[in-house]
Amino acid sequence: MSVLICPVCGGMLENTGKSLVCGKSHSFDIARSGYVNLLLSKHIGKAIHGDNKLMVQSRRDFLDKGYYSPLCEAVCDEVVKNTKDCSIVLDAGCGEGYYTSAVRENLEDSDISVKLYGVDISKIAVEYAAKRDKSVRFAAASVFHLPVATGSCDVLLTMFAPYCGEEYNRVLKSGGIMIMAIPSESHLWELKKAIYDTPYKNEVKPYELDGFEHLSVRHVSFNMELPDNTDILSLFSMTPYYYKTGRTEQERLEALDSLTVQADFEILTYRKKGN
Ligand SMILES: C[S@@+](CC[C@H](N)C(=O)[O-])C[C@H]1O[C@@H](n2cnc3c(N)ncnc32)[C@H](O)[C@@H]1O
Ligand SMILES: [Zn+2]
């Protein structure tokens, strides 16, 4: 039984093989790559857009080279520690599924059997994700309108994606776990220093979140040696700075032919409060 619900009427969706259909016959085709589009146009806000092809490809190229593998290992470890057998796990804002797929492999290696779902608003991203891993059900949808049944998930993973506390709280079971990865203070500091006249460290907000009990924080910090401009540009295109860079900064970026840069993250674990 799937935990996916119809974005139109909220009814449970059944898999007919080629599509997901609800009791009221709203039907959503499963794309050839394996993902299902549950995104309604009214849920695509003007200010909210998914990653475009360049950003998705840059992230895939960069992550597939293993640069963030220490983070990936730590996140997988945290998920394995907090996931029981027969759980439902949701990766909200899963991108092109690099971490989703690694989580699946790590759970399998630990003999923890789960149903894993990945949701992202970018169709290009979930298409890549579905091609990457056939054992995960990927859907195009917004984290602000998750097509996921209330109280259905044991574990929710949110990595560098928009945060919607209300929805994350709604879809989690009572006592469910949320694992979140965020950039920490010095993340990409040397890259910022090389590009901006006045670089700033990242602000790390207080850990408290409405509706959740904060359980733990794990700091993951390491240096990356980027040997060429291609990898530097890929890394830059994955970041929010990509949207806000002028001509001068762009030229400085293009002139960089190698860089040693810090990756600095925090993995925060929460438990849903109350019933
Ligand atoms: C920085 S990427 C992180 C992707 C992935 N979690 C990772 O760490 O590789 C942020 C992702 O959030 C997605 N996104 C942006 N707005 C969204 C929304 N409203 N609902 C779902 N996903 C969204 C983007 O398409 C993008 O894939
Ligand atoms: Zn329906």
Contact list please: Cβ distance under 8 Å, first residue in segment 189-202 and under 12 Å from residue 260 (Cα atoms) and of a type in the set (Phe, Trp, Tyr), second residue outside any loop (DSSP other than H, G, I, E, B) and modelled with pLDDT of 95 or more, pairs at least six apart or on different chains. 189/261; 189/262; 189/264
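From 111, 85, 91, 64, grab the single residue that is among the acidic types (Asp, Glu), within 16 Å of ligand 1 (Cβ to nearest atom) and either in contact with a Lys or Arg (Cβ under 6 Å, 6 or more places away or on another chain) or without any contact (Cβ under 8 Å) to a residue 40 or more places away in the chain (or both). First the steps, then the outcome.
Details: 111 fails: within 16 Å of ligand 1 (Cβ to nearest atom); 85 fails: within 16 Å of ligand 1 (Cβ to nearest atom); 91 fails: either in contact with a Lys or Arg (Cβ under 6 Å, 6 or more places away or on another chain) or without any contact (Cβ under 8 Å) to a residue 40 or more places away in the chain (or both).
Testing whether each residue is among the acidic types (Asp, Glu), within 16 Å of ligand 1 (Cβ to nearest atom) and either in contact with a Lys or Arg (Cβ under 6 Å, 6 or more places away or on another chain) or without any contact (Cβ under 8 Å) to a residue 40 or more places away in the chain (or both) leaves just 64.
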Among the listed residues 92, 149, 125, 140, identify the single one that is of a type in the set (A, V, I, L, M, F, W, C) and over 23 Å from residue 17 (Cα atoms). 92
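Please state which one of 22, 6 is within 19 Å of residue 92 (Cα to Cα) and either surrounded by fewer than 17 Cβ atoms within 10 Å (Cβ to Cβ) or within 9 Å of ligand 2 (Cβ to nearest atom) (or both).
Details: 22 fails: within 19 Å of residue 92 (Cα to Cα).
None of the other options fit; the residue is 6.
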What are the residues in segment 135-164 that are over 15 Å from the mean Cα position of the chain (by Cα) and either more than 21 Å from residue 108 (Cβ to Cβ) or in a loop (DSSP other than H, G, I, E, B) (or both), if any? 135, 145, 147, 148, 149, 150, 151, 152
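Please go through segment 131-152 and pick out each residue that is in contact (Cβ under 8 Å) with a residue 60 or more places away in the chain and either within 18 Å of residue 40 (Cβ to Cβ) or surrounded by 24 or more Cβ atoms within 10 Å (Cβ to Cβ) (or both). Working first, answer last.
Taking segment 131-152 as the starting set, the residues that turn out to be in contact (Cβ under 8 Å) with a residue 60 or more places away in the chain are 131, 134, 137-142, 144-145, 147-149, 152.
Across segment 131-152, the qualifying residues are 138, 139, 140, 141, 142, 144, 145, 147, 148, 149.
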When you go through (1) within 17 Å of the chain's Cα centre (by Cα); (2) more than 26 Å from residue 222 (Cβ to Cβ); (3) in a loop (DSSP other than H, G, I, E, B) one by one for residue 131, which number turns out not to apply? (3)
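The values are calculated or read from the model by the stated rules, or taken from the named source; none is laboratory data. Everything numeric here is computed off the predicted structure, so don't read it as measured data. As a convention, Cβ positions derive from the backbone with ideal geometry for all residues, glycine included, and neighbour counts pool all protein chains shown.
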